[in-house]
1. Please enumerate the residues belonging to segment 6-32 that are crowded, with 17+ Cβ neighbours inside 10 Å and in a loop (DSSP other than H, G, I, E, B).
2. In segment 1-27, which residues are in contact with a strand residue (DSSP E or B) (Cβ under 7 Å, 6 or more places away or on another chain) and among the charged types (D, E, K, R)?
3. How do the pairs read when you match residues in segment 23-40 that are over 21 Å from VAL56 (Cα atoms) with residues anywhere that are charged (D, E, K, R) and surrounded by 14 or more Cβ atoms within 10 Å (Cβ to Cβ), using Cβ under 7 Å and keeping only pairs 6 or more apart or on different chains?
4. If you take the residues of segment 62-77 that are in a strand (DSSP E or B) and not small (Gly, Ala, Ser), which of them is surrounded by the fewest Cβ atoms within 10 Å (Cβ to Cβ)?
5. I need the full set of residues from segment 33-61 which are crowded, with 17+ Cβ neighbours inside 10 Å and under 12 Å from ALA19 (Cβ atoms), in order please.
6. Against the definition (farther than 16 Å from LEU12 by Cα and at pLDDT 95 or above), how does VAL62 come out, yes or no?
7. Six or more apart or on different chains, Cβ under 8 Å: which pairs go from a residue in segment 3-21 that's over 18 Å from THR37 (Cβ atoms) to one that's hydroxyl-bearing (Ser, Thr, Tyr)? Could you list them?
Amino acid sequence: MKEFDYAIRDQLGIHARPAGLLAKLAKGYGDTVITVTKGGNTVKASQLMKLMGMGVKQGDVVTVSAEGPAEEEAIAAAKKFFEENL
């Protein structure tokens with residue numbers, strides 16, 4: 001498993017637009033599962049409504065992890081996504 005911590009910079013936190021893009025990215029890795037964790041609450045990044053339901057706000061620190069056969073590529077793509085969109 002690969003993971004990184006990220007402090008959300010977007011004023012609105014994880015809202016509909018980036019959550020939808022993240023879910024689409026996560027679904028593209030098939031058997032590799034990307035998750036987002038905040039305060040002990042972990043959801044699969046591919047689950048849009050649960051991701052938005054986490055209530056991640058600007059300044060919150062989340063842990064993003066990837067586990068599976070393509071975890072190296074998945075975690076690199078997720079890190080790039082967070083840096084560019086959140």
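The values are calculated or read from the model by the stated rules, or taken from the named source; none is laboratory data. Not measured: the values here are computed from a predicted model. Heads up, the Cβs are rebuilt from the backbone with ideal geometry, glycines too, and the neighbour counts pull from every protein chain shown.
1. Listed by number, the residues that qualify are ILE8, GLY13, ILE14, TYR29, THR32.
2. Within segment 1-27, LYS2, GLU3, ASP5 qualify.
3. THR32/GLU67; THR32/GLU71
4. First, pick out the residues of segment 62-77 that are in a strand (DSSP E or B): 62-67.
Still in the running and not small (Gly, Ala, Ser): 62-64, 67.
Numbers: VAL62: 22, THR63: 13, VAL64: 21, GLU67: 15.
Looking at residues that are in a strand (DSSP E or B) and not small (Gly, Ala, Ser), I get THR63.
5. Residues of segment 33-61 crowded, with 17+ Cβ neighbours inside 10 Å: 33-36, 38, 43, 45-46, 48, 51-52, 54, 56.
Within segment 33-61, VAL36, VAL43, ALA45, SER46, LEU48, LEU51, MET52, MET54, VAL56 qualify.
6. Working: farther than 16 Å from LEU12 by Cα: no; at pLDDT 95 or above: yes.
In short, no.
7. Close Cβ pairs satisfying both conditions: none exist.
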